[in-house]
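A.B. asks: Got a structure for you, written out below as structure tokens; questions coming shortly.
The values are calculated or read from the model by the stated rules, or taken from the named source; none is laboratory data. What you see is a predicted model, and the numbers here were worked out from it, not measured in a lab. Virtual Cβ from ideal backbone geometry, glycine too; neighbours counted across all protein chains shown. What goes into the accessible areas is simple: the full protein's heavy atoms, side chains included, and nothing from ligands, DNA or RNA. Shrake-Rupley method; radii C 1.70, N 1.55, O 1.52, S 1.80 Å.
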Amino acid sequence: MGNLNLSQQNEEAKKIIFRSRPWATAIILIGGVVALILSIGLSVSFGVADIKFTTVWEGIFHYNADLTQHQIIQELRLPRVLGGAMVGTSFAVAGAIMQGMTRNPLADSGLLGLNSGAGFALALCYAFFPSMPFLYLILYSFLGAGLGAGLVYGIGSMVRGGLTPLRLVLAGAAVSALLSALGEGIALFFRIGQDLAFWYAGGVAGTSWLQLKIMFPWVIAAVIGAIILSRSITMLSLGDDVAKGLGLHSGTVKLFSTIIVLILAGAAVSVVGAVGFVGLIIPHLTRKLVGVDYRLIIPCSAVLGALLVILADLAARMVNPPYETPLGALIALIGVPFFLYVSRKEGREL
């Protein structure tokens, strides 16, 4: 009887795995790439100094170092926009992996302590190693993200009854508050608050080509790894028992998935700072559009996450010019109501 139930489970799992909407995926990927190109053009054009599209084209493909507008395009706006795209992709893919791997609809790097852990590590680096190269800052961000995640899961596992999504979020809120407070204390004591101001506010202003050059291979490798593991993550999203029944080595998949999440979250936080909810909103939206197969969810989340951050950064510059609204605050205006909606919909008991 047990074997029969397991066989039925496996057949049902296979039906779920291959139930997808490829037409929706094609629309999102093609339309999303077109929208990304247009949003990049808009974001480079608009700002304190508006620049014509023809000038943007010339500044990108026919750069003239003697022209001030070309310098603005190449040295300020283009790296900023491309950094926003990479950050959005990183947060969205990390959130999708976490939600699928843990079967937790509230999983997000910002809600589960990864962002605050990376920020705490950055505070230590600025305090004790102020001239540290950006490559090492990224590495320490990975370690800080791992510290945050380890504390959250450790505290959440100590509660009787095991981890539930809301318990995990409560543990994440507590750990995030602790690590953020420690980071702020370090900033005050060592008088490095101005150096960390970008992290607390959250934003891609000041992103440089050097940062992008260092960040790019990490993000690309992690996204490729996520796509390779996407079918296994789909199985994990059905439960450990079903995944094992399908012949999946759950422990190995979870280990590599966790490494990918730490790389993506650490790299993104080191550039953009305390921006949350991207990894919560985008995977949920993508699942509604393309189904439950993570082979489709992950690439679509990458495109939509990049688009969200680019448009949010553009809005941050346009809301109150010439001043900039913090990027994290704008995304939170969408993310907090969405988080409350998902929490209520799940209806899980604490």
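A.B. asks: Per residue, what accessible area does the chain have, given a 1.4 Å probe and all protein chains present, in Å²? All intermediate terms of the calculation are to be shown ahead of the outcome.
C.D. replies: Working: 16560 Å² over 350 residues.
Ligands and nucleic acids excluded, the result is 47 Å² per residue.
A.B. asks: Turning to a different aspect of this structure: Sort 98-104, 131-137, 235-241 by packing, meaning the average of other beta carbons within 10 Å per residue, with the highest value first.
C.D. replies: On the way: 98-104: 22.0, 131-137: 13.1, 235-241: 18.6.
Result, highest mean first: 98-104, 235-241, 131-137.
A.B. asks: Then there's this: Ratio to report: Rg/Rh of region 70-194, with Cα atoms as the point set and Rh obtained by the Kirkwood method; give two decimals. Walk me through the intermediate numbers first.
C.D. replies: Details: Rg = 16.7 Å, Rh = 15.9 Å.
Radius of gyration relative to Kirkwood radius: 1.05.
A.B. asks: Quote the relative contact order of region 205-273 in percent (integer), defining contacts as alpha-carbon pairs under 8 Å separated by 6+ residues. The partial results should precede the final answer.
C.D. replies: On the way: 33 pairs, mean separation 28.9, N = 69.
Value for region 205-273: 42 percent.
A.B. asks: Separate question: Of (i) 21.5, 69; (ii) 20.7, 79; (iii) 26.7, 95, which is the value of Rg and Dmax of the Cα atoms in Å derived from the coordinates here?
C.D. replies: Entry (ii).
A.B. asks: Distances longer than 17 Å among the Cα atoms of region 71-135: what percent of all pairs is that?
C.D. replies: Working: 1260 of 2080 pairs.
Of all Cα-Cα pairs in region 71-135, 61 percent lie more than 17 Å apart.
A.B. asks: Tell me the Kirkwood radius of region 252-333: reciprocal of the mean inverse pair distance over distinct alpha-carbon atoms, in Å.
C.D. replies: 14.1
A.B. asks: How large is the direction-averaged shadow of the alpha-carbon convex hull of region 300-342, in nm²? Provide the component values of the computation, followed by the final result.
C.D. replies: Working: hull surface 12.9 nm².
Result: 3.2 nm².
A.B. asks: Once you keep just the Cα pairs under 8 angstrom separated by 6 or more residues, what percentage relative contact order results for the chain? List each step's numbers first, then the result.
C.D. replies: Values: 573 pairs, mean separation 111.3, N = 350.
Averaging sequence separation for qualifying contacts and normalising by length gives 32 percent for the chain.
A.B. asks: Further, regarding this structure: With label points built 7 Å along Cα→Cβ from the Cα atoms of LEU340 and PHE190, find their separation and express it in nm.
C.D. replies: 3.8
A.B. asks: If HIS249, HIS70 are ordered by their accessible area, calculated over protein heavy atoms with a 1.4 Å probe, which sequence runs from highest to lowest? Present the calculation step by step, with values, prior to reporting the outcome.
C.D. replies: Working: HIS249 140, HIS70 5 Å².
The residues order as HIS249, HIS70, largest area first.
A.B. asks: Counting only protein heavy atoms and using a 1.4 Å probe, what share of the accessible area of the chain belongs to carbon plus sulfur, as a whole percent? Please list the in-between numbers first.
C.D. replies: Numbers: 11280 of 16560 Å².
Roughly 68 percent, rounded to a whole number.
A.B. asks: I've got another one for you. Hey, if we sort ASP66, ASP195 by accessible area with the 1.4 Å probe, largest down, what's the order? List each step's numbers first, then the result.
C.D. replies: On the way: ASP66 135, ASP195 80 Å².
In descending accessible area the options line up as ASP66, ASP195.
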